[in-house]
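Heads up, the thing below is written out as structure tokens.
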Amino acid sequence: MSVTGRVSRALEPRMARARGLLAAPARTARTTVVIGRLLATAFVVCFLTGLYSHLLQEPLPGMRFPTWPGLYAFTQGLHVTVGVAIFPLLLGKLWTVYPRLLLWPPVGSVRQVLERASVALLVSTALLEPAIGLVNTYQWYPWPFPFRQTHFALAWVIVGSIALHVAVKLPIVVRFWSRRSAAEDRSVTDD
């Protein structure tokens, strides 16, 4: 038997035991979908308000914006408030799905490798983007890159990653979008 076969055989019972210990009634596909749609909405609101701010600071040729008093203050207040609200939503979403990290074998096909890579990109940018945004509210810049350009670029990566993630998970999202009975809801680790 190969080394990978022996490692796989040794790790499978341990991973199954860890998944069992992490099982919780709230870790369901329905909970994941509900938190996910709130999180996606929050990211879209931050993206749109951030895009508005970016276009005010660097308008495209011929672009004009209304000059209503307080509009910019409102959009930036919304951007920061929703950006801070992303933290508990993101942690809640990660809490509902992290037992999936303990699946063994971790990947079984090229599709699963691509899906896990896209999720890794989504999670890493979704953690970094609000973190550097929060640090920006204190006007503290401990990093060597320009904040505005990096924050703007990461926003596009997040929106693209969310669109890809929703497309991949669309069957699960559709199944659990509306309220269902608890009997129809399956654990996230079953999907």
*Restricting attention to region 1-45, which residues are part of a helix (DSSP H, G or I), free of Cβ contacts under 8 Å to residues at least 40 places away in the same chain, of a type outside the set (S, T, N, Q) and farther than 30 Å from THR81 by Cα?*
VAL3, GLY5, ARG6, VAL7, ARG9, ALA10, PRO13, ARG14, ARG17, GLY20, LEU21
*Within region 49-93, restricting attention to residues that are outside any helix (DSSP H, G or I) and in contact with a helix residue (DSSP H, G or I) (Cβ under 7 Å, 6 or more places away or on another chain), which residue is nearest to VAL33 (Cα to Cα)?*
PHE65
*asked:* Among the residues of region 55-75, are any open to solvent by less than 50 Å² (accessible area, probe 1.4 Å) and closer than 25 Å to SER178 by Cα?
replied: no
*When residues of region 79-106 are limited to those that are open to solvent by 60 Å² or more (accessible area, probe 1.4 Å) and free of Cβ contacts under 8 Å to residues at least 24 places away in the same chain, the one nearest to THR49 (Cα to Cα)*: THR81
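The values are calculated or read from the model by the stated rules, or taken from the named source; none is laboratory data. From a predicted model like this one, the values you see are computed outputs, not experimental measurements. Methodologically, a virtual Cβ is constructed for each residue, glycine included, from the backbone with ideal geometry; neighbour enumeration extends over all protein chains shown. Keep in mind that these areas ignore ligands, DNA and RNA; they rest on the heavy atoms of the full protein, side chains included. Shrake-Rupley method; radii C 1.70, N 1.55, O 1.52, S 1.80 Å.
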